[in-house]
Ligand SMILES: *Cc1c(COP(=O)(O)O)cnc(C)c1O
């Protein structure tokens, strides 16, 4: 499958029916799986054989969809999770424990900021946030002997900062830690972070991958490139015996599959944030058109960004596709085919005017969502990021007047007409 182009993978990867089996990926709506002998099942519990026994650990529908996303990203192994939050948490917690330290770009999704600044902290993992535009030297200065992870978003939600993936990968690798990149916004259609040195990729599949705003979900993909054995002392969870599986050593037994096997067999076993097979089925239907939808999202967003850019009531527009954008060069390098369908902008008159304008929209709905087929808006300072102080908002690149506009796949003229009539009223 890996030799096919990405469009073909969207359709064909993951599910490979044999003679007489369903052509379309079925929903394995079963918590459990049958065996003939007690010994057969015992071997599964010892990780001596691979096979299904309980859906909290693995389910064929979920595995087929994870395999598709894995092939889209060009990784070696992947797993689905119940949400993007769970994906980011597991991706970090799989290699960090109490007493460890991590570094994260300050331009990240609000939920990710809370996760790393507050919740993970309560578990004894300390996170330092760095400006993604800082120099390699400045980022390097934040590393400590117990730093285990560098984390960032390819295109930050909602700040739309484009990550210099190579810069981050280089600093991470110079300090012997993996780079984890949340690739939700560009999707593998527009950017494949492994090609630029990232080691692990996460997704909120809730966004473009699902694409229809119907299922919350997440995914973790491993490139298989990080050499855990080389830094064995730092990653004992992967390189030392696991007493909960009779002392197996993940790197010895599973090689390049070590990271995802541990995350599944240990973290998912114990924390249980699985994606339901029903949702995985729906996600797979979304993935089949990902390449068509992402292209249209980008095409429409480019038109909308141009319109806003030229409007005299608009104070500023942030879209990396615009030539004068701060991140245009990085976007061209890492995402030559387009960035994403999300634009942010502010109106002359500031916060109050921005909020008033949103109430006048007719086609474009105010929803706490982003990156689906329907055009929608959100005011992060009043909604997703309302728990943040003005200082934290600033650090996360979220201006108080910022309107996040997620451009859908309707006709661009209708989207622009709705924006135009709402702008008329202010
Ligand atoms: C939405 C989002 C998340 C969280 O995902 P959920 O599926 O809502 O849990 C994480 N990262 C990014 C970049 C997101 O946009």
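Please treat every number below as a calculation from the coordinates, not as lab data. Please read all numbers here as calculations on a predicted model, not as lab measurements. Don't worry about glycine lacking a Cβ; one is built from the backbone with ideal geometry, like all the others, and counts go over all protein chains shown.
So here's what we get for this one:
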| quantity | calculated |
| --- | --- |
| Whole-angstrom gap from region 231-252 to region 102-178, using each part's C-alpha centre | 25 Å |
| nm² value of the averaged projected area, convex hull over the Cα atoms of the chain | 20.7 nm² |
| Contact order relative to length of the chain, as percent, for alpha carbon pairs under 8 angstrom and 6 or more apart | 16 percent |
| Highest-first arrangement of 365-377, 59-71, where packing means the average Cβ count within 10 Å | 59-71, 365-377 |
| D_trans [Stokes-Einstein, Kirkwood Rh over alpha-carbon pairs] for region 214-323, 20 °C, 1.002 mPa s, µm² s⁻¹ | 118 µm²/s |
| For region 98-210, the fraction of alpha-carbon pairs in successive 10 Å shells from zero, as % | 15, 49, 32, 4 |
| Cα-based Rg / Dmax (Å) for region 254-295 | 14.5, 39 |
| q = 0.08, 0.10, 0.12 Å⁻¹: log10 I(q)/I(0) that the Debye formula gives for region 271-425, counting C-alpha atoms only | -0.25, -0.39, -0.56 |
| Helix 277-288 axis, angle to the chain major axis (alpha carbon atoms, nearest 10°) | 60 degrees |
| Binned Cα-Cα distances of region 1-155, short to long, each 10 Å bin given as a whole percent | 9, 27, 28, 23, 11, 2 |
| Whether region 154-268 is rounded, prolate or oblate, judged on the alpha carbon gyration tensor where a/c under 1.5 counts as rounded | oblate |
| Solvent-free Debye scattering, log10 I(q)/I(0), computed from the Cα coordinates of region 279-325 at q = 0.22 Å⁻¹ | -0.75 |
| Those residues of region 87-121 whose amide nitrogen sits under 18 Å from the label point placed on residue 174, 7 Å along Cα→Cβ | 103-105 |
| Cα centroid separation, region 375-405 to region 284-353 (Å) | 17 Å |
| Percent antiparallel among DSSP beta bridges (both partners in region 102-177, rounded to 5) | 10 percent |
| DSSP bridge pairs, region 291-424: antiparallel proportion in percent, nearest 5 | 85 percent |
| Folded to 0 to 90 degrees: helix 60-73 orientation relative to the chain principal axis, Cα | 60 degrees |
| DSSP beta bridges in region 9-285 [antiparallel fraction, %, rounded to 5] | 45 percent |
| Theoretical ellipticity at 222 nm over the chain - DSSP helices of four or more residues, -39500 (n - 2.57) apiece, nearest 500 | -9500 deg cm²/dmol |
| Residues residue 24 and residue 269, FRET efficiency given R0 of 25 Å [Cβ-Cβ distance, rounded to 0.05] | 0.25 |
| Of 338, 356, 408, the one that fluctuates the most in a GNM where the chain has Cα springs shorter than 10 Å | 356 |
| Two-site label geometry, residue 353 and residue 420: point separation in nm, points 7 Å out along Cα→Cβ | 2.0 nm |
